[in-house]
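Asker: Just passing along the structure, written as structure tokens.
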Amino acid sequence: MTDKPARPKPEWLQAHGTPWTVTRQTTVYDNPWISVTEYQTIAPTGRPALYGKVSFKNRAIGVVPLHADGTVTLVGQNRFPHVNYSWEIPEGGAPLDEDPLDGAKRELAEEVGLEAGDWRRILTMELSNSITDEICHGYLALDLTPTATAPDETEDLAIARVPFSQALDAAVAGHMPDSLTVALLLRVHHMAVKGELPADLARLVLADGRS
């Protein structure tokens, strides 16, 4: 596996101000996937403040399965929170004590029946960091071959393989608003522009797939 290239942190990315101070905390909800904690705090401004935080018991995992012909495999499913049908990259969760790459490999196989010979971790994100501590690790999967699928018993999945540019256009137009999908497709496009992909594959990523 190849991680995204290390870049030096710019000087302006330094911390400023005073951290939050916790004076009391209470767990108000807990299940196998999340916990919700209420905090009495002192804000960075010195004022007392009530804060709630959702903590996740898994890391979020997202995978862009990019085929050698410049297509990408996507998953469609009904999502509960927004009561909508969502087209997305393959994604799921990895327990906090599991190597995130192992979780990514499992999700790719379970959801779309693919395995990859080349894995690259390309992005790490904080998701909704004003209210949760959830972290996402995003991967690019290359050198893809078929394998058996094994979706979760609550998942009714559709699969589509489309040109990368069509997927990116749909994401930035708001037709695929899932945040992992938007961010990771944009990151792969950025890699193509910056020369971080093989030249032939970069040309396919940057090509207009509507023709």
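Any read-out appearing in this document is the output of simple, stated calculations on the displayed coordinates, not a laboratory observation. Please read these numbers as outputs of a predicted model, since none were measured by experiment. Cβ coordinates were reconstructed from backbone atoms using ideal geometry, including for glycine residues, and neighbour counts include every protein chain displayed.
Asker: List residues of the range 128-152, by number, whose backbone nitrogen lies under 13 Å from a label position 7 Å along Cα→C-beta of Ser55.
Answerer: 132-134
Asker: Just to confirm the number: angle between the C-alpha axis of helix 179-193 and the first principal axis of the chain, 0 to 90 degrees, nearest 10?
Answerer: The answer is roughly 50 degrees.
Asker: For Val162 paired with His16, estimate the spin-label separation in nm (one decimal), with each label point 7 Å from Cα along the Cα-to-Cβ line.
Answerer: The answer from the label model is 4.0 nm.
Asker: Suppose we keep just the DSSP beta bridges with both residues in the chain; what percent of those would be antiparallel, to 5?
Answerer: 85
Asker: Oh, and also: Of Phe56, Ile131, Leu184, which is farthest on the positive side of the dipole of the chain, counting Cα position, with +1 on Lys and Arg Cβ, -1 on Asp and Glu Cβ, and the Cα centre as origin?
Answerer: Of the candidates, Ile131 comes out farthest on the positive side.
Asker: Residue separation times 0.36 nm, minus the C-alpha to C-alpha distance between Ala68 and Val172: what's the value?
Answerer: Extra length from Ala68 to Val172 when fully extended: 35.1 nm.
Asker: Given only helices, namely DSSP H runs of n ≥ 4 each adding -39500 (n - 2.57), what is the per-residue ellipticity at 222 nm of the chain, to the nearest 500 deg cm²/dmol?
Answerer: Computed mean residue ellipticity for the chain: -6500 deg cm²/dmol.
Asker: Okay, next question. Give me the aspartates and glutamates in straight-line cross-link reach of Lys194: C-alpha distance below 16 Å, same-chain residues under 8 apart excluded.
Answerer: Cα-Cα hits under 16 Å: Asp3.
Asker: Step through the residues of the range 14-20 one at a time and calculate ³J(HN,Hα) from phi using the Karplus curve (6.51 cos²θ - 1.76 cosθ + 1.60, θ = phi - 60°), rounding each to whole Hz and writing x for Gly and Pro.
Answerer: Working through the residues one at a time gives 9, 6, 10, x, 9, x, 5 Hz.
Asker: A further question on this structure: What is the Cα radius of gyration of the chain over 2.2 N^0.38 Å, N being its residue count?
Answerer: Computed over Cα atoms of the chain, the ratio equals 1.15.
Asker: Report the charge-dipole magnitude of the chain in Debye, nearest 20, computed about the Cα centre from +1 at each Lys and Arg Cβ and -1 at each Asp and Glu Cβ.
Answerer: 880
Asker: Here is a further query. May I ask you to derive the FRET efficiency for Thr147 and Arg7 from their Cβ-Cβ distance with R0 = 35 Å, giving the value to the nearest 0.05?
Answerer: 0.55
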